[in-house]
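K.L.:
Got a structure for you, questions after.
The values are calculated or read from the model by the stated rules, or taken from the named source; none is laboratory data. Quick caveat, the model's predicted, so the values are computed rather than measured. In this analysis, Cβ positions are derived from the backbone assuming ideal geometry, glycine residues included, and neighbour counts consider all displayed protein chains.
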Amino acid sequence: MAIGVAVAIVVFAALPFAGITIPGIFDGPLNGPGTLNLLGLCFVFGALALTYDLVFGYVGLLSFGHALYFATGVYVTAIALARWHWSLPAALALTAVVSVLLPLALGAICLRMRDIPFAMVTLAFAQAGSILVMQNPFGLTGGEEGLALGGDTLPAALVGVVNTRNVYWMALVLLIVVYAIAWRAVNSPPGRVWQAIRENERRVNVLGLNPYLYKLGAFVLSAFLASATGVVYLLLQGGANPQVTTADFTLALLVMVVLGGVGTLWGAVLGGVLYEYLDFRLIALANTTGVKDLPALLRVPLSEPLFLLGVLFIVLVLFVPGGLGGALRRRFGAALGGSP
Amino acid sequence: MTTIALLLITGLGLGALYFLIAAGLSLIWGLMRVLNFAHGAFFTVAAYAGWSAANAAGGAPVGVRWLIAVLVAVIVGAVFATLTEVLLIRPLYARHVGQVLVTVGLSLATISLVQGGFGSDPQTFALPSWMTATTNVIGANVPNTRLLVIAVAALVFALLLFFLRRTRFGLIVRAGVENRAMVQALGIDVQRAFTLVFAIGGAAAGLAGMLAATYYGTIDPGRGTSMLIFAFIVVIIGGLGSVTGSAVAAIVVGVIQQFLNYYATGIGDFSVVLLLAIVLLFRPGGFSGTTT
């Protein structure tokens, strides 16, 4: 298992030097900027799904507001860079501070509720964030149009098509680091308490531990890591778009995690990577002549990626409760690890 | 004074729409512990079905077409909701998170399908002339659509209360909200009450879909989701499972939102979320006071 992961990391790290093409899977050569950008986004969403799995899969907190913390990373960094013309380290420092304080304050309120009411409240706060971004207060967020990073706001090594590979490596490192932190966290003593809370919160309480504080800790850690993935997303996209603040974006995260398998770290990564890849390829599929020539009854559903993913999601929830990760684990046994 | 009256009535109209969505959500949650994300899809699909029906009845007078649209929307909402309950919610009995996830998937899939089929731009909607006229209320020229929406919601509220308090099924629903296991233990088929509550919720959401089209003058695929979020807020503030609580909270939320949005767009929406946070801090169970 460990050797396989090491090989995969080396292969992906060396990818920008490989000029081969894989027709049907990627358009253009593997080291082309388009493919590297897509792969980078896949890594970012893998890492993001992982942070979501941390609260949803390991603590059992069904948060519908995770997009807010991803968007915090995207927007705080973008505003500091593009509007206030701060240097990258200063912008990152500010983002780091906000990414701890915001989930701490909101988590403290939301965690007064449990289960479904908790889900609704987190959704409401995320919606407030979305409204705030759309309203474009003081001309900071750019409203519906988003906020583009100019070429002069970033170090030269991160700008331009030629340097896509640098940002790609950054996304790969992000995924590895987030995975390592998440793995360390869920295998630490507090991580075991998280899983105990998921199974039976009252019992944890009776054992003399305060579930509220453990839940808040997990919430803040997960939100902070989500903000970190937001920063890399911003660098990959070269700008912020309000899409990432919406409720639909959180729902997409939920789809990713359930797709890959709730409660396993690698399952969540798989789900995130697969979702982003499918989302991208399904749009491309919709524009192929084969689909365009179909009658409207078939063409319309096939050209809506969200429809196909939504249906896939329903089928998985109904018939494959553990997601793809769970199905793989049943097939190949416990060698793949993760909690049952 | 004129402005205040206008804002108050417009806010009440918005609150009426929230109530129609929230009442079903609240009952569904109270009885079945299902957070129904598909409620926004019921709203949207019903509105588009009503709109298509009104277009199909092209030759008829505008008023008749409007009535057809409302009727079709209510029926489509109820049927869609019933099918959802029977086909998607029921197989996942006792898996609450799974039930939520299924409704999330359904919501994503149907709304993107509507968007693919009808486009994401708002579609205009023909209204009878008496609706587009205004009525003078204490000096303010209030659009009649606002008054209509309020009247219909009040009627639905009265009907729901009658159903819950005076009918046998209503008794079962109320008892089920109180203690579902006990009702089952007494040999009553709660499953049928589930389906019924879903159908009623779907019909109310469908009605809300068409009334929102009347209120705004247009329909668009995204409105269901954005109204659903405020309906969630209404449900929590009102206290989960309480129809009266939802009605009170819907009025409070609608009026506050409308008043503050008048001074600066977006502030109202924002304040409503703030209100939710304050209510949660001081009364975690909402207005009606239960803590579950």
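K.L.:
Residues in region B:86-94: is at least one touching a helix residue (DSSP H, G or I) at 6+ places or on another chain (Cβ under 9 Å), within 14 Å of another protein chain (Cβ to nearest Cβ) and over 25 Å from residue A:262 (Cα atoms)?
P.N.:
Looking for residues that are touching a helix residue (DSSP H, G or I) at 6+ places or on another chain (Cβ under 9 Å), within 14 Å of another protein chain (Cβ to nearest Cβ) and over 25 Å from residue A:262 (Cα atoms), one finds at least one in region B:86-94, hence yes.
K.L.:
Could I ask something else about it? Here's a check for you: in region A:301-322, which residue that is over 29 Å from residue B:119 (Cα atoms) and assigned to a helix (DSSP H, G or I) is nearest to the other protein chains (Cβ to nearest Cβ)?
P.N.:
The extreme case among them is A:318.
Rundown of residues vs (1) within 14 Å of chain B (Cβ to nearest Cβ); (2) hydrophobic (A, V, I, L, M, F, W, C), yes/no style:
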| site | (1), (2) |
| --- | --- |
| A:71 | no, yes |
| A:78 | no, yes |
| A:83 | no, no |
| A:94 | no, yes |
| A:101 | no, yes |
| A:111 | yes, yes |
| A:114 | yes, no |
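K.L.:
Does residue A:30 satisfy the criteria of being farther than 15 Å from residue A:222 by Cβ, surrounded by fewer than 24 Cβ atoms within 10 Å (Cβ to Cβ) and under 12 Å from the mean Cα position of the chain (by Cα)?
P.N.:
no
K.L.:
Sticking with this structure for a sec: Could you say whether any residue in region B:61-68 is in contact with a Gly (Cβ under 8 Å, 6 or more places away or on another chain), in a helix (DSSP H, G or I) and small (Gly, Ala, Ser)?
P.N.:
no
K.L.:
Please find, within region B:230-281, the residue that is nearest to the other protein chains (Cβ to nearest Cβ) out of those that are part of a loop (DSSP other than H, G, I, E, B) and over 23 Å from residue B:39 (Cα atoms). Before the answer, list the steps.
P.N.:
Initial filter on region B:230-281 (part of a loop (DSSP other than H, G, I, E, B)): B:239-242, B:264-266.
Within this subset, residues satisfying the condition of being over 23 Å from residue B:39 (Cα atoms) are B:264-266.
Values: B:264: 9, B:265: 7, B:266: 4 Å.
Here the answer is B:266.
K.L.:
Which one of these does residue B:120 not meet: (1) of a type in the set (S, T, N, Q); (2) in contact with a Gly (Cβ under 9 Å, 6 or more places away or on another chain); (3) more than 14 Å from chain A (Cβ to nearest Cβ)?
P.N.:
With respect to (1) of a type in the set (S, T, N, Q); (2) in contact with a Gly (Cβ under 9 Å, 6 or more places away or on another chain); (3) more than 14 Å from chain A (Cβ to nearest Cβ), residue B:120 is out only on (3).
Residue-wise test of (1) modelled with pLDDT under 85; (2) touching a Pro at 6+ places or on another chain (Cβ under 9 Å).
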{"position": "A:228", "(1), (2)": "no, no"}
{"position": "A:241", "(1), (2)": "no, no"}
{"position": "A:274", "(1), (2)": "no, no"}
{"position": "A:289", "(1), (2)": "yes, no"}
{"position": "A:318", "(1), (2)": "no, yes"}
{"position": "A:325", "(1), (2)": "yes, no"}
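K.L.:
Identify the single condition in (1) in a helix (DSSP H, G or I); (2) away from every other protein chain (no Cβ under 14 Å) that residue A:161 does not satisfy, given that it satisfies every other one.
P.N.:
(1)
K.L.:
Do the conditions hold for residue B:62, that is, is it under 29 Å from residue B:189 (Cα atoms) and in contact (Cβ under 8 Å) with a residue 24 or more places away in the chain?
P.N.:
no
K.L.:
Further question: Does at least one position in region A:50-61 carry a residue that is among the hydrophobic types (A, V, I, L, M, F, W, C), closer than 30 Å to residue A:118 by Cβ and in a loop (DSSP other than H, G, I, E, B)?
P.N.:
Yes, there is a match, as at least one residue in region A:50-61 is among the hydrophobic types (A, V, I, L, M, F, W, C), closer than 30 Å to residue A:118 by Cβ and in a loop (DSSP other than H, G, I, E, B).
Residue-by-condition table, conditions (1) more than 20 Å from residue B:217 (Cβ to Cβ); (2) basic (Lys, Arg):
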| residue | (1), (2) |
| --- | --- |
| B:2 | yes, no |
| B:6 | no, no |
| B:41 | yes, no |
| B:49 | no, no |
| B:62 | no, no |
| B:65 | no, yes |
| B:78 | yes, no |
| B:82 | yes, no |
| B:93 | yes, no |
